[in-house]
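Only one structure is covered here, and it is reproduced in the block below.
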Amino acid sequence: MPSFPSRVVIREVGLRDGLQSIQTVLPTEKKIQWIAGAYAAGQREIEAGSFVPARLLPQLADTAELVAYAKTLPGLFVSVLVPNLKGAERAIDTQADLMLVPLSASREHSLANLRKTPDEVVAEVARIRAARDAAGSKTLIEGGIGTAFGCTIQGAVDQDEVLRCMQALLDAGADRVSIADTVGYANPADVRDLFEKARRMAGERFWCGHFHDTRGLALANVYAALETGVTRFDATLAGIGGCPHAPGASGNASSEDLAYMLADMGIETGIDIERLLALRAKVAQWLSNETLHGTLWRAGLPKTFNGGAKRTANPIVTA
C-alpha cells in the first residue's frame, strides 16, 4: 500500500494564476469577498496576486490592497508572485509572507515569458535575497520552476536541467523551491520520478507542486506527488487559469475537486468542501462570461462521502 501524508495544504492561486489568464477584471471588492470566502471555507494559504506592471496585467493591479486585507485574517499565509527585484521590493513593503519568483526550465519559455534566461532569473533571485535580508524582512522567497515536464515552445525539457535550476535557486538564497507543470505535459510516472529526486535534493525546502489539467491529468499527478511525501499543492477555484503559451489549455487543478479527492482519501486539508462549493458558485456568477472547469460542482458529493474521516494506510505524519 502506498503511504500518504496525513495532512495536505491547498494553496489557492486563483486570484493570481487564474485571473491573469482570463479577460474579466474582477473589482477589488469581489476579490476581497473571494479571499474572505476561501478563508471561511478553511483555506489558510492564498496567493493574492502579482506585483507586475498594471499595463501588462490590469487584472492584478490591486494586489497591494488584497495583501493588506488578507493580512488582517488571523493565521492566513499570504503569498504573491514577483517577476523581478522591483516586484520583490513591493512584496517586502506589503509584508507578504512569501514571494514566488518564477523560473522556466525551458530557455525558450523563459525568454518569452520573462525576457530572461533561467540563469539570469537565478541571478535576480540572489539580488532579491540580498534586498530582503538588507530590509530585515521575514518574507520568504520561493523559486518556482515551471515547464518542468516540457514546453510548448521548446519541446522537451531535460530533467537534469530542472534539477540544475533547482540547486542554483537554493544556492542563490531561495528559502523554498517548487515545481510546476506549466503547460500540462506531465504524467504520474514522470512526476513521481522527478519529485523523488527533487525531494532528495531540497528536503523540507521543497515546498509545492503545481499541476495544470490541460490533458486531464492534474489530480493523477497530485496523487503521484503525494506518494513522494509532498504536502502542498497549488490549485484554483473552478480550475481557472492556464498559460498564454499553452493554447487550448483547460486550466489549473480545481481547488474543490482536489479538496474532495484528498478528503475522500482520508487526508486532512482543513477545508469545508460545502462552503468551498458555495464560493465556487458565487465566483462562477462573477465570471459568467469565462470558461470554468472542475467536476464536483456538477455531480455533487457522493452519499458515501464522510468528510474525510477514513484514514489511509501508513500515513506520513507531517507538521
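Quick notes
- Residue match in segment 271-285 (condition: over 21 Å from Q33 (Cβ atoms) and either of a type in the set (D, E) or at pLDDT 95 or above (or both)): no
- Residue list for segment 209-229, restricted to those being crowded, with 23+ Cβ neighbours inside 10 Å and over 15 Å from F149 (Cα atoms): L226
- Within the option set R90, R16, R7, R44, being in contact (Cβ under 8 Å) with a residue 12 or more places away in the chain, crowded, with 22+ Cβ neighbours inside 10 Å and not hydrophobic (A, V, I, L, M, F, W, C) holds for one residue only, R16.
- Identity of the residue in segment 171-186, under 17 Å from E120 (Cβ atoms) and touching a helix residue (DSSP H, G or I) at 6+ places or on another chain (Cβ under 7 Å), that ends up surrounded by the most Cβ atoms within 10 Å (Cβ to Cβ): A174
- Any hit, segment 67-74, residues being at pLDDT 95 or above, crowded, with 21+ Cβ neighbours inside 10 Å, farther than 30 Å from E274 by Cα and not β-branched (V, I, T): no
- Qualifying positions in segment 1-23 - over 11 Å from the mean Cα position of the chain (by Cα) and either part of a loop (DSSP other than H, G, I, E, B) or under 17 Å from F77 (Cβ atoms) (or both): M1, P2, S3, F4, S6, R7, V8, I22, Q23
- Residues of segment 264-290 that turn out to be buried (at least 19 other Cβ atoms within 10 Å of the Cβ) and under 19 Å from I46 (Cβ atoms), as a count: 9
The values are calculated or read from the model by the stated rules, or taken from the named source; none is laboratory data. Quick caveat: nothing in here was measured; it's all calculated off a predicted structure. Cβ coordinates were reconstructed from backbone atoms using ideal geometry, including for glycine residues, and neighbour counts include every protein chain displayed.
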